[in-house]
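Asks: The following block contains the structure, expressed as structure tokens.
The values are calculated or read from the model by the stated rules, or taken from the named source; none is laboratory data. This one's a predicted model, so the numbers in the text were calculated from it and none came from an experiment. With ideal geometry, Cβ positions are generated from the backbone for all residues, glycine too; neighbour counts draw on all protein chains shown. These area figures cover heavy atoms from the full protein model, side chains too; ligands, DNA and RNA do not enter into them. Shrake-Rupley method; radii C 1.70, N 1.55, O 1.52, S 1.80 Å.
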Amino acid sequence: LQRDAKGQYLFDLLCHHLNLLEKDYFGIRFVDPDKQRHWLEFTKSVVKQMRAQPPFTMCFRVKFYPTDPAALKEEITRYLVFLQIKRDLYHGRLLCKTSDAALLAAYILQAEIGDYDPGKHPEGYSSKFQFFPKHSEKLERKIAEIHKSELSGQTPATSELNFLRKAQTLETYGVDPHPCKDVSGNAAFLAFTPFGFVVLQGNKRVHFIKWNEVTKMKFEGKTFYLYVSQKEEKKIVLTYFAPTPEACKHLWKCGIENQAFYKLEKSSQVRTVSSSNLFFKGSRFRYSGRVAKEVMESSAKIKREPPEIHRAGLVPSRSCPSITHGPRLSSVPRTRRRAVHISIMEGLESLRDSAHSTPVRSSSHGDAFAGPGRSGRAESSERVAVIADESYSPADSVLPTPVAEHSLELMLLSRQANGAPCSIEEEKESEAGTPAAEAEGELRALCPGAGGLGPAQAQQVNKFVLSVLRLLLVTVGLLFVLLLLLIVLTESDLDTAFFRDIRQTPEFEQFHYQYFCPLRRWFACKLRAVVNLLIDT
């Protein structure tokens, strides 16, 4: 990769390798040394966006979930979206009731191992596979029952299509969770979906705001503000607190991109957005891609032979291994599985689900947002959108994607090939071996006990310096414009009505004869003196 190569070049190269034309739904994600996730910006240099040293580790992900994934033009696109949603299910992002979970898992089983065969699939075969963060024996029996009796004869493409149709109806479809806290200190997960802005707490969806109701998003430090305007001309400001300023900025940028993609009619309507009311302060960001309507219109024009899909050949992320690549976490005893699950949650102790004291929404996408007030709170307690049997706790999805050096990855793959399970604990340990983590370790080794500024403090200082410089540039620019206007008024022969009215005012005449003319003569005298000095030398 050339040092000045843009993100668009890398993304186009990847899509060409995958033979993917409907590429606007996807993006490239990476994790910085501070464990903060980012989307690769296509208009900027790849190398400049990375704070770690090469080789860089990045992940191909669905960035904008299709409003109707079953309506995608090409099967290769549907298959890639299927892999992403299967991963969401595995990491606890796609939360659903037990009956829906069993059906989704059965579709995955049918797509990857085909029809039920008593000779190949003994009793309890569904327990060998891990579809969710944790299983129960009752759920595993239900999955096997649906797979045996209801899905026989479905091809992988049909099963994947049915999986997408079912997943699209769930409340947490398309959710990319951002852990935050509300003004009361209650933990919450904020997310942007194809239909609008969502807030999840416990096993409930407490807010759902359609994109056309969102008027503005901004952030200051760790604080994220969402401005909502309703039909009855009621304006509401929702305030949430992110763990770090970087996480808050990432949340804001994701919101700007999602709103532009799903709400606007044309990409020419996209505008640069500032995080502050003052144009010389804060961050500025502009979505650079096409919008959903343009993508669908472009997809309708695709006319080519469907590309061949190598389902077995695509090796998915180790953080969500394919059920066709050996045993997984489910092969660990249940007590061990529970210990592993608890170990993941230790890093999220401050984000435990809790009761919510603000108004909530009903379960349908088209319902109106319940405004603040006692009557709204009383009514909302009966209209809570319960989305699952368990609390929403996407353990892995709010942590960086576990990645490893080449040698460690080969070792883990060989362990899987030999039948040894690759537990989530090992994935977390392997995360310490990422290039980002190593770069951070080297930096600490070079500066032991140094009392200098940390990365966050240095970034705050840089932002302050940039704000001051921006203010100075704006001030100098305004003074320059005023100077040009003054010269035009005093020296030019333009006789327009606007200039004539200004010149005839007593204040302008006094300024012209008492201040401007003497100043002009002084400058002319100094200029002649400098010219004479240059001539003499």
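Asks: Quick test for you: out of 224, 189, pick the one residue that is closer than 22 Å to residue 91 by Cα and part of a strand (DSSP E or B).
Replies: 189
Asks: While we're on this one: Of the residues 264, 314, 329, 278, which is within 28 Å of residue 248 (Cα to Cα) and modelled with pLDDT under 85?
Replies: 278
Asks: Moving on to the next point. With the requirement that a residue be at pLDDT 85 or above and open to solvent by 100 Å² or more (accessible area, probe 1.4 Å), what does segment 488-537 give you?
Replies: 521, 522, 523, 526, 527, 528, 533, 534, 535, 536, listed by residue number.
Asks: Looking only at segment 196-221, count every residue that is of a type outside the set (S, T, N, Q), assigned to a loop (DSSP other than H, G, I, E, B) and surrounded by 17 or more Cβ atoms within 10 Å (Cβ to Cβ) and tell me the total.
Replies: Number satisfying all stated conditions: 1.
Asks: I would also like to ask the following. Is it the case that residue 238 is of a type in the set (A, V, I, L, M, F, W, C), modelled with pLDDT under 95 and either touching a Leu at 6+ places or on another chain (Cβ under 6 Å) or surrounded by fewer than 22 Cβ atoms within 10 Å (Cβ to Cβ) (or both)?
Replies: Working: of a type in the set (A, V, I, L, M, F, W, C): yes; modelled with pLDDT under 95: yes; either touching a Leu at 6+ places or on another chain (Cβ under 6 Å) or surrounded by fewer than 22 Cβ atoms within 10 Å (Cβ to Cβ) (or both): yes.
Against the criterion (of a type in the set (A, V, I, L, M, F, W, C), modelled with pLDDT under 95 and either touching a Leu at 6+ places or on another chain (Cβ under 6 Å) or surrounded by fewer than 22 Cβ atoms within 10 Å (Cβ to Cβ) (or both)), residue 238 qualifies.
Asks: Of everything in segment 91-113, what is free of Cβ contacts under 8 Å to residues at least 40 places away in the same chain and farther than 25 Å from residue 189 by Cα? Give them in sequence order.
Replies: none
Asks: Ok, one more. Do any residues in segment 1-30 that are assigned by the TED database to the domain that holds residue 64 and more than 20 Å from residue 78 (Cβ to Cβ) have Cβ atoms under 7 Å from those of residues that are modelled with pLDDT of 95 or more and open to solvent by 60 Å² or more (accessible area, probe 1.4 Å), where the two are at least six apart or on different chains, and which pairs are they?
Replies: Here the result reads none, with nothing in segment 1-30 linked to a residue that is modelled with pLDDT of 95 or more and open to solvent by 60 Å² or more (accessible area, probe 1.4 Å).
Asks: Quick check on residue 88: is it among the acidic types (Asp, Glu), in contact (Cβ under 8 Å) with a residue 24 or more places away in the chain and in a helix (DSSP H, G or I)?
Replies: So residue 88 fits the description; yes.
Asks: OK, next. Which of the residues belonging to segment 43-71 are of a type in the set (Gly, Ala, Ser) and either in the same structural domain as residue 272 (by the TED database) or in contact with a strand residue (DSSP E or B) (Cβ under 7 Å, 6 or more places away or on another chain) (or both)?
Replies: Scanning segment 43-71 gives a single hit, 45.
Asks: Let me ask you something else. Of the conditions (1) crowded, with 19+ Cβ neighbours inside 10 Å; (2) at positive phi; (3) without any contact (Cβ under 8 Å) to a residue 40 or more places away in the chain, residue 191 clears all except one; give me its number.
Replies: (2)
Asks: Any chance you could count how many residues in segment 244-269 are farther than 18 Å from residue 62 by Cβ and in contact with a Ser or Thr (Cβ under 8 Å, 6 or more places away or on another chain)?
Replies: Of the residues in segment 244-269, 3 are farther than 18 Å from residue 62 by Cβ and in contact with a Ser or Thr (Cβ under 8 Å, 6 or more places away or on another chain).
Asks: Restricting segment 151-188 to residues that are surrounded by 19 or more Cβ atoms within 10 Å (Cβ to Cβ) and of a type in the set (Val, Ile, Thr), which is farthest from residue 223 (Cα to Cα)?
Replies: Applying the filter and picking the extreme gives 172.
Asks: Would you pick out the residues in segment 116-159 that are under 22 Å from residue 95 (Cβ atoms) and part of a loop (DSSP other than H, G, I, E, B)?
Replies: Hits for segment 116-159 are 129, 130, 131, 132, 133, 134, 135, 136.
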